[in-house]
Amino acid sequence: MTDSFGTRTNFTAGDRSFDYFSLPTLEKQFPNVAKLPYAQKILLENLLRHEDGSNVTKADIEAMANWDAKAEPETEIAFTPARVVLQDFTGVPAVVDLAAMRDAMKNLGGSPDKINPLSPAELVIDHSVMVDEYGTDKAFDLNAKLEFNRNKERYAFLRWGQGAFDNFKVVPPDTGIVHQVNLEYLARVVFGNEDKNLAYPDTLVGTDSHTTMINGVGVLGWGVGGIEAEAAMLGQPITMLIPQVVGFKLSGKLAEGTTATDLVLTVTEMLRAKGVVGKFVEFFGDGLEDLALADRATIANMAPEYGATCGIFPVDEETLRYMELTGRPQEQLDLTREYAKAQGLWREKGQPDANYTDVLELDLSTVQPSLAGPKRPQDRVLLSDMQETYQREVKPFMKSRAEKAGKSMEESKMQSESGIASDSIDGPIHAPVSYKDAEFDLHDGSVVIAAITSCTNTSNPAVMLAAGLVARNAVAKGMQVKPWVKTSLAPGSKVVTEYLEKAGLDDDLDSLGFQLVGYGCTTCIGNSGPLPEPIGNAVREHDLNVASVLSGNRNFEGRVHGDVRMNFLASPPLVVAYALAGTIDINLTQDALGTDSEGNEVHLKDLWPSQKEIYDTIGSSLNSEMFKDSYGDVFAGDERWQNLDVPEGEIYEWDTDSTYVQNPPYFEGMTVDVDDIPTIKGARCLAKLGDSITTDHISPAGAITQDSPAGQYLQEQGVKPSDFNSYGSRRGNHEVMMRGTFANVRLRNQLAPGTEGGWTQYQPEGREMFIYDAAMKYKDEGTPLVIIAGKEYGTGSSRDWAAKGTLLLGVKTVIAESFERIHRSNLVGMGVLPLQFNEGDSHESLGLDGTETYDIDGLSAGAKSVHITATQESGETIDFDARVRIDTPKEWDYYQNGGILHYVLRQLAQAA
């Protein structure tokens, strides 16, 4: 550890003394430091503390200290996070890779125990619970039992990892959502390393894009792919260009009737319109005085939705108040306060603004009740405009449905067979259903899923208690949720259950069907479970365009449920309201959402609690003892967890019959020598795609269908369809995940027009088949593959299998108009070349139809562009250039090695 600028000094917190690398000391040499944004100061401290003359040089520190807010990013730095946090969907494959790396290290002649996390790595099992049972007091127990039975192999594997690897802890299932557990328990805010007598900011990367939720408590961190996270666990710094920082100035306070959810949807819309991809966003201004920590965390959570790397808030008195509430010890509070003040990282009202690249402003009092959808979280819809939005969105679908049925809209109107009726040409189809002793009509716009779910809102007591108060008021009026609505409540931690019970609101939510279904990420990740059979059948048979309303952060196509085409993000109290209404074809600001027990109309305003009522309820029902009790033995787990049969040893004993955990083929044939940069000649296009292709499109996390390649494979292995579980749960098995790549039921591959799902045309025959089957035929022939796409390729969750599956299908390059930050990085990390069409070019403008063969010339280390020749069947060629999106020298090292894991392995093997 070098200290070229003489900044190491000490401070006292309580009765303890720590050294630290002082930014105020550096400021004497670089006055610009005083005006750096909060986030840049954390990066600067990180560089000071890790200066070694190699990964971090004196010149890097000077560049950071002299940061020009307006300049385009060009200086690469190495950021070394203090810890890594994982969830099980991405954590299991990360641990699988580490186990495989131990095997590979042994084969390369090195010591397997070199493969070990060097910094704290904590995994929270939260993504595997599914909403099979709902609406009863037995839902939680049954769902937990099913979760454990389905995932025993994965959980035993994680228990092995907890014993085999140093610095690795696992929070067992049925405890909470990773981001809420991180916020309420794992976050240190400031580390006090007594072994090194050193204090420094808590920083992290996580294997979930919503890792940014921790920015709400002043901790700098963001989501990375599992591949990058594994490298960070093994001591590799995260290489990045010094980012620009957009300041977001808040003033005023939220008006009566609005929630933090409405605020975050407004912020998301504003920042998406501004364009902050690859940038930091930092919130400042006196509006923070009236913004609770939970509200800040709600905003920080949605950074991936507004496109930023992070959305950070500074440390202030509200941070300390929250730390005290959540049970942090007094010595941690003292350390955080004194360190932040000594470093110039403490926010006070009226302090001078930092220098920002750009600034947006929002008066909180102007925020209005909102939702977002039906397909993207940045598409905000005012509550008052929801009915109009639905009717506009559904019309093209209805026309398409009528055309598919081979009749005109007028003929559709007149049809009455099979119990189908239509009120008008543009009206919805009504399908009669009998379910649970109720007879009703399902129609376009029916809400079939209403879920209080996801870290975005379940960490926020104000919106959770507001939902409970809406439920209380509805129950008092004798109201009930419509029988076709699948309701669920999946809190992010057990504390939520405790304060709902103390407030006496749990019974009211239960009465409306919002019983506890599990502690974890359910509907928002696609673990919504099946619709009741009569309802699901009616939706499919009549091709209904039904809706979900969820308090989540993601609503991409095919994510929530395969039968649900419209998905709207909303605050928890609005989820309850729409469950009562049973349809999105309603204006809740004007129309009655139901009737009371005497037949009188009930409007939303009749149920909505005042802010005073909400905050009085918080004050009387939430205390620090709840957090201390809930997290007192957080790593112990229940009896099922403790009684797992767990293998032992530093090398994992792979079970070749397992359909959950298999040794991946990444390191087969690997040598210590570095690979040559691959040449790509005669490549075929596997898929030609449009804009906003998400990681859910590329690698779905939800249900596995029987007739899909993955479903067929599992049945060949003797797995019953009822035991398929989800793609997310089987990410430890590359055989399943390869077959699931590009298998989303809503994927539209332009090579196979008129289809939805994982279809393509095998060239040159033009024969239609599954993408997986075509990829294997190409692989047998030795034909490399390309993916062609439009704008925002890879947006959404930081899903490493979207890159891993792409590689294992034989794809050598993805050519897109633009990439989402994490997915581009993941492609490089797996040795797949990301290429970007030049400005103004696209596959449409160039006339590429996907039947061509592709030759790529000019690819060498450090290349900024390549020349691509696309040869048509006629022999005519289309020539164009594309940008190479390998953005840093370190990324070139990764790509040349065949991926980041190969690079790390070689480094460790050579150091043996």
Exercise for the section: Specify the residue that is farthest from Lys486 (Cα to Cα); the eligible residues are those in segment 112-123 that are in contact (Cβ under 8 Å) with a residue 60 or more places away in the chain and part of a strand (DSSP E or B). Expected result: Ala121
Fill in the blank from the handout: Counting only residues in segment 125-158 that are closer than 14 Å to Val95 by Cβ and surrounded by fewer than 20 Cβ atoms within 10 Å (Cβ to Cβ), the one modelled with the lowest pLDDT is identified as Glu153
Practice task
Taking the options Trp654, Trp641, name whichever one is in a helix (DSSP H, G or I), within 30 Å of Asn733 (Cα to Cα) and not assigned by TED's automatic domain parsing to the domain that holds Phe165.
Solution key: Trp641
Practice task
Please find, among Asn623, Asn663, the residue that is among the polar types (S, T, N, Q), more than 30 Å from Arg472 (Cα to Cα) and modelled with pLDDT of 95 or more.
Solution key: Asn663
Exercise for the section: Give the residue, chosen from Ala503, Ala451, that is crowded, with 24+ Cβ neighbours inside 10 Å and not aromatic (Phe, Trp, Tyr). Expected result: Ala451
Handout entry: Filter pass, Val560 being within 30 Å of Pro396 (Cβ to Cβ), of a type in the set (Val, Ile, Thr), in the same structural domain as Lys502 (by TED's automatic domain parsing) and assigned to a strand (DSSP E or B)
Key = no
Completion exercise
Filtering segment 93-108 down to residues that are part of a helix (DSSP H, G or I) and among the aliphatic types (A, V, I, L, M) yields Ala94, Val95, Val96, Leu98, Ala99, Ala100, Met101, Ala104, Met105
Exercise for the section: Inspect segment 338-355 for any residue being under 17 Å from Asp15 (Cβ atoms), at pLDDT 95 or above and not aromatic (Phe, Trp, Tyr) and give the result as yes or no. Expected result: yes
Handout entry: Gly669 being of a type in the set (Gly, Ala, Ser), under 30 Å from Gly110 (Cβ atoms) and either surrounded by 17 or more Cβ atoms within 10 Å (Cβ to Cβ) or not assigned by TED's automatic domain parsing to the domain that holds Leu505 (or both)
Key = yes
Fill in the blank from the handout: How many residues of segment 50-77 are in contact with an Asp or Glu (Cβ under 9 Å, 6 or more places away or on another chain) and either free of Cβ contacts under 8 Å to residues at least 40 places away in the same chain or closer than 24 Å to Ala199 by Cβ (or both)? The answer is 7
Practice task
Test each condition in (1) in contact with a Ser or Thr (Cβ under 8 Å, 6 or more places away or on another chain); (2) in a loop (DSSP other than H, G, I, E, B); (3) modelled with pLDDT of 55 or more for His430 and report the one that comes out false.
Solution key: (2)
Exercise for the section: Could you check Leu714 against (1) surrounded by fewer than 19 Cβ atoms within 10 Å (Cβ to Cβ); (2) under 25 Å from Phe157 (Cβ atoms); (3) hydrophobic (A, V, I, L, M, F, W, C) and say which number it fails? Expected result: (1)
Problem - Extreme residue, nearest to Ile214 (Cα to Cα), among residues of segment 446-462 that are of a type in the set (Ser, Thr, Tyr) and assigned to a helix (DSSP H, G or I) - result: Thr456
Handout entry: Of all residues making up segment 629-650, the number that are surrounded by 14 or more Cβ atoms within 10 Å (Cβ to Cβ) and under 30 Å from Gly110 (Cα atoms)
Key = 3
Problem - Counted residues, segment 291-316 - those being assigned to a helix (DSSP H, G or I) and either among the β-branched types (Val, Ile, Thr) or out of contact with any strand residue (DSSP E or B) (no Cβ under 9 Å at 6 or more places or on another chain) (or both) - result: 6
Exercise for the section: Name every residue in segment 597-616 that is among the hydroxyl-bearing types (Ser, Thr, Tyr) and part of a helix (DSSP H, G or I), in order of residue number. Expected result: Tyr615
Exercise for the section: Considering every residue within segment 686-697, establish whether at least one is among the charged types (D, E, K, R) and either more than 30 Å from the chain's Cα centre (by Cα) or closer than 24 Å to Asn149 by Cβ (or both). Expected result: no
Problem - Test: residue in segment 132-145 that is among the charged types (D, E, K, R) and touching a Leu at 6+ places or on another chain (Cβ under 8 Å) - result: yes
Exercise for the section: Mind listing just one residue for me: the one in segment 842-868 that is touching a Phe, Trp or Tyr at 6+ places or on another chain (Cβ under 7 Å) and over 27 Å from Ala231 (Cβ atoms) and, of those, surrounded by the most Cβ atoms within 10 Å (Cβ to Cβ)? Expected result: Ile868
Practice task
Kindly provide the set of residues from segment 506-537 that are more than 24 Å from the chain's Cα centre (by Cα), among the aliphatic types (A, V, I, L, M) and part of a helix (DSSP H, G or I), ordered by number.
Solution key: Leu509, Ile535
Fill in the blank from the handout: Checked segment 34-60 for anything among the β-branched types (Val, Ile, Thr), buried (at least 20 other Cβ atoms within 10 Å of the Cβ) and more than 29 Å from the chain's Cα centre (by Cα); matches are Val56
Fill in the blank from the handout: Those residues of segment 48-68 which are hydrophobic (A, V, I, L, M, F, W, C), closer than 12 Å to Val33 by Cβ and not in a loop (DSSP other than H, G, I, E, B) amount to Leu48, Ile61, Met64, Ala65
Exercise for the section: Among the strands (runs of 3 or more DSSP E) lying completely within segment 177-290, list those that include at least 2 residues that are crowded, with 24+ Cβ neighbours inside 10 Å. Expected result: 198-201, 203-206, 220-223, 245-251, 280-284
Handout entry: Matching entry among Gly218, Gly163 (being modelled with pLDDT of 95 or more and either in contact with a Pro (Cβ under 7 Å, 6 or more places away or on another chain) or not assigned by TED's automatic domain parsing to the domain that holds Ala59 (or both))
Key = Gly218
Exercise for the section: Inspect segment 762-770 for any residue being in the same structural domain as Thr695 (by TED's automatic domain parsing), crowded, with 17+ Cβ neighbours inside 10 Å, touching a residue at least 60 places away in the same chain (Cβ under 8 Å) and in contact with a helix residue (DSSP H, G or I) (Cβ under 7 Å, 6 or more places away or on another chain) and give the result as yes or no. Expected result: yes
Practice task
Looking only at segment 731-743, decide whether some residue is outside the structural domain of Leu808 (by TED's automatic domain parsing), out of contact with any Phe, Trp or Tyr (no Cβ under 7 Å at 6 or more places or on another chain) and in a helix (DSSP H, G or I).
Solution key: yes
Exercise for the section: Tell me, yes or no, whether segment 586-596 has at least one residue that is among the small types (Gly, Ala, Ser) and at pLDDT below 95. Expected result: no
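The values are calculated or read from the model by the stated rules, or taken from the named source; none is laboratory data. Note that the structure is a prediction, hence the values are computed from the model and not measured. With ideal geometry, Cβ positions are generated from the backbone for all residues, glycine too; neighbour counts draw on all protein chains shown.
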